[in-house]
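> Quick one: this structure, given as structure tokens, is what I'll be asking you about.
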């Protein structure tokens, strides 16, 4: 079986991003929107051009389009065609039992792989109680609030092993539904995909944080950044921002206390958004952060390198006790679209941060806690690089990029080559260049007491003891 992310027309595509609108959205003037159900979404995929933007198709998440077409591949009747197919659904809010698991990861998605075709895809998403058992559907409970989804066609089936390896120790997903173990893995009980299909996660309380670079089939470079619940620091302030070397704008479900301004590496800032306004895209649809269940972060408008992060961790203090992660990648036209629709950007600039230093130089006085408001996207974009999404270097680099390397694997490069296919509807191919913008990937660990070693045959050698 050939597995792939599928676009809105039912064709294979290298990757796609979807922002499902909030069913409680209003117009900018505060009026109700006739006919809006919350099944609508704005969409972008790898077949778009460098001047493209998020669009709102006629498809609905509960009926047709990229999301149901992608997941329907996994609802096939078991038989000879599925003998080499493996997959698992994970969600901390289980749609089968109806129970919420507050111990395992605050993480939601689907990982699927097929050995006969050497294909795989990964769906990272924010919707509780999804996907369902038996046949495709989208839950009514997911309609009122906005949701984010990212689906990637992986370079090959082995990439799914690398991602599962990190999931097993980092995201620690609550797997509630899975395929039988594929024939190719029946005698490989230590493979992390087998462990996860069987509902297992690593044992022990050793803090973990780290990143796993990986490629899509079309050569686009992504990085999965994750931490477990024993790490104890803030995910965005203390891991994502320092890993990407960027200030971040974050839009997540924030029905809880957000981290105080002091929690950071003192270099990068994290800005909490106030909501979404789709009017810059041509759609009079607006919703506040209180109606947004997204797990989205992007590089701030002041940055020269522009990352997009789609994951499953909120920007709240309670998330320090939950495992989870995000997937970072670069795509300039998509970044511009998302940046244009974020609203009410405010933050306390942290003393000693890069942004505070810039403000101090402009105003001629010391740093300290100050409020900033975002520039208009057009002004902020002046001087920033242009281009499409970022393509990865092929060949032997993939082997070197195993999770756990403690060196600078990814370097900043402001000359960003395209990661979008030269012809619409076709996946990218051929040699590609190194990823721009990631530098000095770091692994952070904090111990709050004696740690029990993480147990897992494949993973134990890669996990050093907790830092003191």
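The values are calculated or read from the model by the stated rules, or taken from the named source; none is laboratory data. Keep in mind the model is a prediction, meaning the values are calculated, not measured. Every residue, glycine among them, receives a Cβ derived from its backbone with ideal geometry; neighbour counts consider all protein chains shown.
> Taking the options 190, 211, 224, name whichever one is at pLDDT 95 or above and either out of contact with any strand residue (DSSP E or B) (no Cβ under 9 Å at 6 or more places or on another chain) or surrounded by fewer than 17 Cβ atoms within 10 Å (Cβ to Cβ) (or both). Spell out the reasoning first.
Numbers: 211 fails: either out of contact with any strand residue (DSSP E or B) (no Cβ under 9 Å at 6 or more places or on another chain) or surrounded by fewer than 17 Cβ atoms within 10 Å (Cβ to Cβ) (or both); 224 fails: either out of contact with any strand residue (DSSP E or B) (no Cβ under 9 Å at 6 or more places or on another chain) or surrounded by fewer than 17 Cβ atoms within 10 Å (Cβ to Cβ) (or both).
When all the criteria are applied, what remains is 190.
> Would you check if residue 70 is under 30 Å from residue 320 (Cα atoms), in contact with a strand residue (DSSP E or B) (Cβ under 6 Å, 6 or more places away or on another chain) and either in contact (Cβ under 8 Å) with a residue 40 or more places away in the chain or outside any loop (DSSP other than H, G, I, E, B) (or both)?
On the way: under 30 Å from residue 320 (Cα atoms): no; in contact with a strand residue (DSSP E or B) (Cβ under 6 Å, 6 or more places away or on another chain): yes; either in contact (Cβ under 8 Å) with a residue 40 or more places away in the chain or outside any loop (DSSP other than H, G, I, E, B) (or both): yes.
So residue 70 does not fit the description; no.
> For the subset of the range 311-322 comprising residues that are at pLDDT 85 or above and buried (at least 24 other Cβ atoms within 10 Å of the Cβ), which member is farthest from residue 248 (Cα to Cα)? Give the derivation first.
As a first pass, look at the range 311-322 and keep what is at pLDDT 85 or above: 311-313, 322.
Checking which are buried (at least 24 other Cβ atoms within 10 Å of the Cβ) leaves us with 311-313.
Values: 311: 14, 312: 16, 313: 14 Å.
Out of the qualifying residues, it is 312.
> One residue is enough: does the range 231-253 have a residue meeting the conditions in contact with a helix residue (DSSP H, G or I) (Cβ under 9 Å, 6 or more places away or on another chain), outside any strand (DSSP E or B) and at pLDDT 90 or above?
There is at least one residue in the range 231-253 that is in contact with a helix residue (DSSP H, G or I) (Cβ under 9 Å, 6 or more places away or on another chain), outside any strand (DSSP E or B) and at pLDDT 90 or above.
> Please find, among 88, 113, the residue that is in a strand (DSSP E or B), in contact (Cβ under 8 Å) with a residue 60 or more places away in the chain, closer than 27 Å to residue 231 by Cβ and touching a helix residue (DSSP H, G or I) at 6+ places or on another chain (Cβ under 6 Å).
Sole residue among the options that is in a strand (DSSP E or B), in contact (Cβ under 8 Å) with a residue 60 or more places away in the chain, closer than 27 Å to residue 231 by Cβ and touching a helix residue (DSSP H, G or I) at 6+ places or on another chain (Cβ under 6 Å): 88.
> Let me ask something else about it. Quick check, is residue 298 within 16 Å of the chain's Cα centre (by Cα) and over 30 Å from residue 103 (Cβ atoms)?
Criteria met by residue 298.
> In the range 73-105, which residues are touching a strand residue (DSSP E or B) at 6+ places or on another chain (Cβ under 7 Å) and modelled with pLDDT under 95?
92, 93, 100, 105
> Quick one: which residue in 62, 2 is more than 25 Å from residue 309 (Cβ to Cβ), in contact with a strand residue (DSSP E or B) (Cβ under 7 Å, 6 or more places away or on another chain) and part of a loop (DSSP other than H, G, I, E, B)?
Result of the check over 62, 2: 2.
> Yes or no: the range 29-44 includes at least one residue that is within 30 Å of residue 333 (Cα to Cα), buried (at least 22 other Cβ atoms within 10 Å of the Cβ) and more than 20 Å from the chain's Cα centre (by Cα).
Yes, the conditions are met somewhere in the range 29-44.
> Here's something else I'd like to know. Please work out if residue 136 is in a strand (DSSP E or B), touching a residue at least 12 places away in the same chain (Cβ under 8 Å) and more than 18 Å from the chain's Cα centre (by Cα).
So residue 136 does not fit the description; no.
> How many of the residues in the range 265-287 are modelled with pLDDT under 90 and at negative phi?
9
> Taking interchain pairs and intrachain pairs at least six residues apart, which have beta carbon atoms under 9 angstrom, with the first residue in the range 282-303 and without any contact (Cβ under 8 Å) to a residue 24 or more places away in the chain and the second surrounded by 19 or more Cβ atoms within 10 Å (Cβ to Cβ) and in a loop (DSSP other than H, G, I, E, B)?
288/22
> May I pose another question? Would it be correct to say that residue 144 is surrounded by fewer than 17 Cβ atoms within 10 Å (Cβ to Cβ), part of a loop (DSSP other than H, G, I, E, B) and in contact with a helix residue (DSSP H, G or I) (Cβ under 8 Å, 6 or more places away or on another chain)?
Yes.
> Oh, and also: Give the range 124-133 a look and list any residue that's assigned to a loop (DSSP other than H, G, I, E, B) and in contact with a strand residue (DSSP E or B) (Cβ under 6 Å, 6 or more places away or on another chain), or say none.
126, 127, 128, 129, 131, 133
> While we're on this one: Got a number for residues in the range 147-189 being in a strand (DSSP E or B) and without any contact (Cβ under 8 Å) to a residue 40 or more places away in the chain? Talk me through it step by step, then tell me what you get.
Within the range 147-189, the subset in a strand (DSSP E or B) is 147-154, 175-178.
From the residues that got through so far, the ones that are without any contact (Cβ under 8 Å) to a residue 40 or more places away in the chain too are none.
The qualifying residues number 0.
> I would also like to ask the following. Which residue is nearest to residue 197 (Cα to Cα), if the candidates are limited to the range 91-101 and must be surrounded by fewer than 22 Cβ atoms within 10 Å (Cβ to Cβ) and either free of Cβ contacts under 8 Å to residues at least 60 places away in the same chain or within 19 Å of the chain's Cα centre (by Cα) (or both)?
93
> Looking at residue 57 and the list (1) surrounded by fewer than 21 Cβ atoms within 10 Å (Cβ to Cβ); (2) at pLDDT below 95, which single condition is not satisfied?
Among (1) surrounded by fewer than 21 Cβ atoms within 10 Å (Cβ to Cβ); (2) at pLDDT below 95, residue 57 violates only (2).
> OK, next. So for the range 301-310 (the condition being at pLDDT 75 or above, over 23 Å from residue 213 (Cα atoms) and either in a strand (DSSP E or B) or touching a helix residue (DSSP H, G or I) at 6+ places or on another chain (Cβ under 6 Å) (or both)), does at least one residue qualify?
Within the range 301-310 (the criterion being at pLDDT 75 or above, over 23 Å from residue 213 (Cα atoms) and either in a strand (DSSP E or B) or touching a helix residue (DSSP H, G or I) at 6+ places or on another chain (Cβ under 6 Å) (or both)), the answer is yes, since at least one residue qualifies.
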